[in-house]
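Contents: one structure, followed by commentary.
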Amino acid sequence: MPIVAATKESIAPAAEALVNGEMVAFPTETVYGLGANALDAAAVTKVFACKERPRFNPLIVHVLGLDQAQSYAAVNETARKLAERFWPGPLSLVLPRKRNCAIADLVTAGLNTVALRAPNHPVARALLETAKLPIAAPSANRSGRVSPTTAAHVEAELGELPAMILDGGPCKLGLESTVLGIEGDQVTLLRLGALSRQEIDNVLGRKLALHGGGGKVSSPGQLSIHYAPATPLRLEARTPRGGEAFLAFGPHAPLYAGPMINLSEQGDLSEATNKFFAALRSLDAIGATAIAVMPIPNQGLGEAINDRLQRAAQARLSSPASRFDDARTTAPKRPSEATLDAMVRIVGEDHAIREPAAMAPYLVEWRDRYVGRAALVLKPASAAEVAAILKRANETRTDIVPQGGNTGLVGGQIPFESGHEVVVSLSRMTHVRDIDLNGNTMTVEAGLVLANAQAVAASAGRLFPLSLASEGSCQIGGVLATNAGGTAVLAYGSARDLTLGLEVVLADGRVWNGLKRLRKDNSGYDLKDLFIGSEGTLGIITAAVLRLLPKPAEIVTAFAGLSHLESAAAFFTRAYALAGPMLTAFELLPRIGLDFALKHGADTRDPLHSAHPWYVLFELSSQRDDGEVARLAEMLLSEGIEAKEIDDAVIAASLAQRRELWRLRELMSEVQKHEGGSIKHDVAVPVARMPEFIARANQLVELMIPGARPVPFGHLGDGNIHYNVSQPPSMDRAVFLANWEALNAAVHEIVLDLDGSISAEHGIGRLKRDLLRHAKQPLELEMMRKIKNAFDPYGILNPGKLL
Ligand SMILES: Cc1cc2nc3c(=O)[nH]c(=O)nc-3n(C[C@H](O)[C@H](O)[C@H](O)COP(=O)(O)OP(=O)(O)OC[C@H]3O[C@@H](n4cnc5c(N)ncnc54)[C@H](O)[C@@H]3O)c2cc1C
């Protein structure tokens with residue numbers, strides 16, 4: 001149990017733990033902090049990992065006073081005046097870092113400023129005096145949650161993760177410090193807090209303006225979604241509604257029989273500030289439909305309370321579906337034995353799996369990231385059987401997880417850990433129902449493996465161009481449910497572009513026959529497009545009409561080495577201008593990825609004589625076998641070399657060589673497994689900004705996890721990069737992987753800054769569900785939620801995924 005009463009005896013081991021690179025939670029007069037030695041990057045890394053805090057969000061460093069502050073930051077007259085008046089106390093100053101500042105870069109998120117505060121709590125001061133270190137300490141809670149004001153709150157949030165939690169009783173002020181940025185004479189209010197704006201105005205003799213933020217985090221505490229309880233907030237509520245908890249303020253609060261806390265019956269804002277976070281926590285624990293919050297005067301300390309309330313409400317506003325979904329996924333009811341028996345009877349005993357050992361292959365995904373449990377796995381043979389299963393599931397509110405080839409990379413096809421969901425595998429539905437050579441379509445069932453669909457098209461003298469490294473396992477239903485992309489999107493589009501019609505079983509068991517073969521159909525909403533990319537949350541796809549294309553008569557594949565990433569974008573522009581629609585693939589590989597492939601992939605060899613930092617693999621295709629694309633490829637390569645965009649290149653001279661080149665590209669994901677842990681991102685940015693994205697992301701990785709090895713590769717022609725990061729060779733795999741969320745958050749921040757997408761082709765699933773709330777506009781999320789409710793009112797289809 002890490003809670004220890006803060007006494008002379010316990011301060012010494014706590015200080016020693018800090019010196020040894022451990023985390024210690026301690027009280028300050030504002031909130032409890034999670035402290036680490038600010039000079040020790042490894043110790044600070046633990047704080048970020050423990051809090052799941054994005055690395056672009058800097059930390060406040062606690063010092064004893066001005067003397068110590070001056071070792072790390074340039075303290076000008078204005079800063080001195082403020083510190084002399086308010087330190088020790090609830091004021092943090094963001095000051096220019098000194099040149100030789102020893103504070104770890106991670107603490108300041110690479111900024112050239114550092115946030116400093118001298119706390120006034122006797123325990124915090126004793127710890128600083130004994131440890132003789134600056135202590136980096138954000139609030140001791142998981143990132144984005146309600147700040148802790150007692151030792152018990154810290155323990156509830158972080159358990160045994162800190163080496164010690166020093167208990168110094170409830171915090172006197174109960175709200176974080178006020179943060180000011182100081183540049184020369186200019187003072188900017190970066191965060192409202194426990195020191196009121198008026199008190200600062202009085203010292204400065206002028207009115208402070210609140211920093212607008214502009215989306216960039218320039219100091220601690222600026223994230224727009226901070227301090228959020230799990231229960232949604234309803235602000236400006238004068239009276240509570242049934243089922244709500246009530247956070248009241250002042251002498252005129254209405255009487256309420258439900259759960260209620262009055263922050264101050266006298267209307268005293270200091271008392272309200274002090275009780276605020278603890279009250280939010282207590283009401284959050286009740287499980288009410290919402291917390292109704294009475295208006296709080298927006299003056300003095302009330303400004304800071306309103307600031308926290310706005311941010312907490314913001315988190316919920318951007319996820320209108322979350323509470324409903326959380327309830328479905330964290331506490332779904334196990335279906336009764338009668339329900340399970342009835343479902344087994346639909347498919348027959350031979351096609352239902354109940355034993356946990358036999359279910360195992362359906363419960364773990366390709367990268368072992370998610371391992372679920374299920375009540376049952378069912379393998380229906382027809383749309384009618386799927387319909388009967390869903391009808392029963394809808395009536396009994398049984399949660400269903402559709403599954404295809406189980407190659408999805410975002411966990412959408414894996415049930416949750418509760419063991420209460422039923423997996424419906426489409427793997428027995430593999431029939432080719434029809435091939436129409438005049439209309440150039442084929443109608444196939446959802447369980448047909450993609451490579452088999454390609455083979456069926458090829459044997460009919462046609463091309464089904466969708467191509468992914470997982471094509472030997474993924475199924476048509478899965479690729480449509482995820483709107484898969486792959487290497488041929490450049491010329492032929494993604495799964496959506498290759499689909500004309502669908503057959504879908506709806507949540508209530510009705511079957512929609514939308515198996516149209518039309519290229520043109522403007523008769524209202526395009527319903528098939530709703531199901532494509534819906535990741536099993538709107539219906540189960542049982543069959544599809546796919547477009548077929550003429551088989552190319554000539555294909556030329558080339559592999560080129562480049563010195564600079566910028567040249568890859570320029571060379572792509574040249575290739576597209578020259579070859580137009582004949583350019584059917586354009587992929588990017590880094591040298592480190594090629595090294596991994598040569599080291600771990602069987603029968604691989606370097607296609608070029610010397611090493612190059614980057615490579616592109618591209619393909620030109622033509623319907624005529626007249627040597628035109630071969631001539632084009634040669635012209636392109638010689639122009640590229642002349643323009644110094646590429647350094648060297650090879651053109652595949654045979655089908656075997658072509659396969660060898662493609663194998664290098666296809667091995668990119670797999671070989672990273674042999675290099676330890678790998679943190680993945682599947683992102684898209686405008687093609688021209690890809691070099692900037694990779695440069696910024698690489699810089700960030702080095703800052704966050706020194707020695708980690710970025711392996712960015714992918715579909716350059718579509719602006720889609722798989723920005724994967726392999727662990728530093730000497731690092732423990734689990735320690736590295738603990739950075740997954742934090743690194744994702746920071747990389748995605750860059751992606752959004754470049755107008756990109758956090759999921760280019762793999763979808764959202766379980767992995768990116770929380771990220772979606774930050775990446776989409778509230779209105780987009782609301783529309784998606786309405787669509788989900790219309791198609792699946794009881795939320796039985798893949799709950800907790802995507803939305
Ligand atoms: C090595 C490797 C390389 C990959 N390369 C690419 C790539 O280049 N481009 C790309 O886009 N993806 C790629 N992927 C990801 C993956 O292959 C694709 O997302 C694929 O489309 C998933 O198909 P699946 O049949 O395996 O679906 P699953 O993994 O079984 O399921 C994926 C999602 O679809 C839902 N689902 C499955 N079947 C149905 C159905 N019949 N009806 C409704 N919902 C359903 C599931 O519930 C889940 O949410 C790769 C994966 C691997 C392992």
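Fewest-first ordering of Asp40, Asp434, Asp399 by other beta carbons within 10 Å of each residue's beta carbon gives Asp434, Asp40, Asp399. Across the chain, the relative contact order, built from alpha-carbon pairs under 8 Å that are at least six residues apart, equals 10 percent. Residues whose amide H comes within less than 5 Å of that of Ala649, counting only those at least five positions distant or on another chain, are Gly561 (H built at 1.01 Å from N in the peptide plane). The trypsin sites (Lys or Arg not before Pro) found in region 375-405 that occupy coil by DSSP, while having at most 16 further C-beta atoms within 10 Å, are Arg397. Percent of Cα pairs in the chain per distance bin of 10 Å, from zero to the largest separation: 2, 12, 19, 22, 19, 14, 8, 3, 0.
Other residues whose C-beta falls under 12 angstrom from the C-beta of Asn262 contribute a net charge of -2, scoring Lys and Arg +1 and Asp and Glu -1. Volume per residue for region 99-201 equals 141 cubic angstrom (convex hull of Cα atoms). Computed about its Cα centre, the charge dipole of the chain is approximately 1200 debye, with only Lys, Arg, Asp and Glu carrying charge at their Cβ. Principal axis extents of the C-alpha atoms in region 1-147 (largest first, rounded to whole Å): 45, 31, 29. Close amide H partners of Ser759, meaning residues 5 or more places away or on another chain with modelled amide H under 5 Å apart, are Ala684. Listed by chain and number, the lysines placed with their C-alpha closer than 18 angstrom to that of Lys207 are Lys81; residues fewer than eight positions away on the same chain are left out. Against the chain, whose longest principal axis is taken from its Cα atoms, helix 740-753 shows a tilt of about 80°.
Under a model in which nothing but the beta-carbon of Lys, Arg (+1) and Asp, Glu (-1) is charged, region 365-469 shows a dipole of about 60 debye around its Cα centre.
Selection among Ala393, Leu409, Ala374 by position relative to the dipole of region 324-419 gives Ala393 as farthest towards the positive end (Cβ unit charges, Cα centre).
Electrostatic bookkeeping for Gly717 treats Lys and Arg as +1 and Asp and Glu as -1; over the other residues with beta carbon under 11 Å from its beta carbon, the sum is -3.
Estimated purely from DSSP H runs of n ≥ 4, each contributing -39500 (n - 2.57), the mean residue ellipticity at 222 nm for the chain is -10500 deg cm²/dmol once divided by its residues. Within the same chain, lysines fewer than 8 places from Lys8 are excluded, and of the rest, those with a Cα less than 17 Å from its Cα are Lys132.
Between the residues Ala708, Gln266, Ala131, the greatest Cα displacement towards the positive end of the dipole of the chain, with unit charges on the Cβ of Lys, Arg, Asp and Glu, is found for Gln266. Partners of Lys551 within straight-line reach, counting aspartates and glutamates whose Cα lies under 17 Å from its Cα and excluding those fewer than 8 residues away in the same chain: Asp436, Glu619, Asp625, Asp626, Glu628. Of the cross-linked pairs Lys51/Lys680; Lys516/Lys776; Lys391/Lys776; Lys172/Lys768; Lys379/Lys680, those separated by over 28 Å at the C-alpha level are Lys516/Lys776; Lys391/Lys776; Lys172/Lys768; Lys379/Lys680. Peptides 577-583, 715-721 ordered by packing proxy, namely the average of other Cβ atoms within 10 Å per residue, highest first: 715-721, 577-583. So what's the net charge close to Phe586: Lys and Arg +1, Asp and Glu -1, counting the other residues with Cβ under 14 Å from its Cβ? Result for the neighbourhood of Phe586: -2. The order of the peptides 520-533, 733-746 by mean Cβ neighbours within 10 Å, most packed first, is 733-746, 520-533. Each Cα pair under 8 Å and six or more residues apart adds its separation to the average, and for region 91-190 the resulting relative contact order is 31 percent. Across the options Ile200, Asn298, His252, the greatest Cα extent toward the positive end of the charge dipole of the chain (unit charges at beta carbon of Lys, Arg, Asp, Glu) belongs to His252. Along region 67-73 the Karplus relation, 6.51 cos²θ - 1.76 cosθ + 1.60 evaluated at θ = phi - 60°, assigns HN-Hα couplings of 4, 5, 4, 5, 6, 10, 9 Hz to successive residues, with x for each Gly and Pro.
No lab work stands behind these numbers, since they all come straight from the coordinates. Only a predicted model underlies this, so the values are computations on that prediction, with no experimental measurement involved. Every residue, glycine among them, receives a Cβ derived from its backbone with ideal geometry; neighbour counts consider all protein chains shown.
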